[in-house]
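Reading through the structure tokens given below for one structure.
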Amino acid sequence: MSNEQAAHAEHAQSAPAADAEEGSAAERRPEDPGPLLLILSSPSGAGKSTLTRRVREAISGLEFSVSHTTRSPRPGEEDGREYHFVSRADFEARVQRDEFLEWAEVHGNLYGTSASEVRRAAGKAGIIFDVDHQGARMIKAARPDAVGVFILPPSMEVLLSRLKGRASEDAATVERRFKVAQQEIAHYGAFEYVLVNDELTRATEELASIFRAEACRRRRAAHLAERLLVQSRRLSVGG
């Protein structure tokens with residue numbers, strides 16, 4: 001057999017192996033993980049709502065998961081913006097239909113996150129969930145890739161002052177919320193990050209930094225690197 005024939009035979013034998021290797025690599029290529037799920041939790045009065053609004057202004061494509069609740073709207077709140085305000089009967093019917101990713105009863109009211117909210121965020125950078133520690137655990141059980149951030153007030157004195165400043169709540173409600181706040185803080189260990197909301201601009205920057213860093217983790221960005229590797233195999237340096 002001539003050298004030319006031997007080279008041709010070697011190429012013929014290696015080509016299927018190369019094709020098989022490329023096919024195997026294609027099967028191993030990680031998929032786009034979709035929007036980053038960012039769970040925010042805090043005791044009532046820690047400034048989570050304002051912080052959520054600010055970080056959404058800072059990061060393009062960051063959606064907010066609008067929860068369902070049976071509580072009454074506060075002054076300035078709109079149905080479908082802060083919450084979907086529903087009756088207890090409506091909420092319980094949704095529970096029976098298994099519509100919620102998580103739900104819990106807090107301060108005598110029901111709160112729940114619809115699974116459709118995650119689907120709505122498809123193609124976006126991420127989605128924020130505003131839930132208590134119970135909801136956070138349920139979301140992470142369903143989606144272990146979700147990232148949890150617990151927000152603390154500067155001090156308990158500041159927290160109590162903020163709760164007292166809510167015109168819509170009487171003294172008994174404030175006292176109950178303050179006690180529950182202490183219980184909520186005790187569950188900070190269930191979250192990957194703990195952030196003190198003592199200065200809004202700085203806290204917003206810190207939360208935005210957490211989101212951006214998590215978006216760059218290897219498990220979330222691996223599909224981008226693999227896409228380049230596939231492209232490189234199709235390109236010819238000489239071409």
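The values are calculated or read from the model by the stated rules, or taken from the named source; none is laboratory data. Since this is a predicted model, take the numbers as computed values, not measurements. Cβ sites come from the backbone with ideal geometry, for glycine too, and all protein chains shown count toward neighbours.
Name the single residue that is surrounded by the most Cβ atoms within 10 Å (Cβ to Cβ) among those in the stretch 140-159 being of a type outside the set (Asp, Glu) and in a helix (DSSP H, G or I). Only one residue tops the list, namely 159.
Taking the stated definitions as given, is residue 40 in contact with a helix residue (DSSP H, G or I) (Cβ under 6 Å, 6 or more places away or on another chain), within 24 Å of residue 168 (Cβ to Cβ) and crowded, with 17+ Cβ neighbours inside 10 Å? Steps first, please.
Working: in contact with a helix residue (DSSP H, G or I) (Cβ under 6 Å, 6 or more places away or on another chain): yes; within 24 Å of residue 168 (Cβ to Cβ): yes; crowded, with 17+ Cβ neighbours inside 10 Å: yes.
Yes: the conditions hold for residue 40.
Rundown of residues vs (1) hydrophobic (A, V, I, L, M, F, W, C); (2) in a strand (DSSP E or B); (3) within 22 Å of residue 133 (Cα to Cα), yes/no style:
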residue: 52; (1), (2), (3): no, no, yes
residue: 68; (1), (2), (3): no, yes, yes
residue: 90; (1), (2), (3): no, no, no
residue: 95; (1), (2), (3): yes, no, yes
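Scanning the stretch 154-199 for residues that are under 27 Å from the mean Cα position of the chain (by Cα), over 25 Å from residue 214 (Cβ atoms) and among the hydroxyl-bearing types (Ser, Thr, Tyr) turns up just one, 155. Mind listing whichever residues of the stretch 213-231 are modelled with pLDDT of 95 or more and surrounded by fewer than 14 Cβ atoms within 10 Å (Cβ to Cβ)? The answer is 213, and nothing else.
Inside the stretch 166-197, can you point out the residues that are within 22 Å of residue 71 (Cα to Cα) and of a type in the set (A, V, I, L, M)? Steps first, please.
Our first condition is that a residue be within 22 Å of residue 71 (Cα to Cα); within the stretch 166-197, this holds for 166-184.
Answer for the stretch 166-197, where residues must be within 22 Å of residue 71 (Cα to Cα) and of a type in the set (A, V, I, L, M): 167, 171, 172, 174, 180, 181.
Residue 56 passes every criterion in (1) over 25 Å from residue 191 (Cβ atoms); (2) in contact with a Leu (Cβ under 9 Å, 6 or more places away or on another chain); (3) among the basic types (Lys, Arg) apart from (1).
Considered as a group, the residues in the stretch 129-139 that are in a helix (DSSP H, G or I) and touching a residue at least 60 places away in the same chain (Cβ under 8 Å) include one that is farthest from the chain's Cα centre (by Cα), and that residue is 133.
Pairs linking a residue in the stretch 73-95 that is more than 16 Å from residue 115 (Cβ to Cβ) to a residue that is part of a strand (DSSP E or B) and of a type in the set (Val, Ile, Thr), with Cβ atoms under 6 Å and 6 or more positions apart or on different chains, are 83/69.
May I ask you to verify whether residue 114 is among the polar types (S, T, N, Q) and modelled with pLDDT under 95? It is true that residue 114 is among the polar types (S, T, N, Q) and modelled with pLDDT under 95.
Considering only residues that are in contact with a Gly (Cβ under 6 Å, 6 or more places away or on another chain) and outside any loop (DSSP other than H, G, I, E, B), look in the stretch 97-125 and name the one that is farthest from residue 31 (Cα to Cα).
Within the stretch 97-125, the first condition is being in contact with a Gly (Cβ under 6 Å, 6 or more places away or on another chain), and the residues that meet it are 100, 102-104, 124-125.
Keeping just the survivors that are outside any loop (DSSP other than H, G, I, E, B) gives 100, 102-104.
Working: 100: 26, 102: 26, 103: 29, 104: 32 Å.
Among those residues, the one meeting the criterion is 104.
None of 120, 176, 162, 137 is surrounded by 14 or more Cβ atoms within 10 Å (Cβ to Cβ) and more than 25 Å from residue 76 (Cβ to Cβ) except 137. Flag set for residue 56, criterion: surrounded by 14 or more Cβ atoms within 10 Å (Cβ to Cβ) and either part of a loop (DSSP other than H, G, I, E, B) or out of contact with any helix residue (DSSP H, G or I) (no Cβ under 9 Å at 6 or more places or on another chain) (or both). Remark: pairs (first residue in the stretch 59-71, free of Cβ contacts under 8 Å to residues at least 24 places away in the same chain and closer than 16 Å to residue 212 by Cβ; second residue surrounded by fewer than 19 Cβ atoms within 10 Å (Cβ to Cβ) and hydroxyl-bearing (Ser, Thr, Tyr); Cβ separation under 6 Å; 6+ apart in sequence or on different chains) are absent. Among the residues of the stretch 194-209, those identified as under 18 Å from residue 49 (Cβ atoms) and either in contact with a strand residue (DSSP E or B) (Cβ under 8 Å, 6 or more places away or on another chain) or hydroxyl-bearing (Ser, Thr, Tyr) (or both) are 195, 196, 197, 201, 203, 204, 206, 207.
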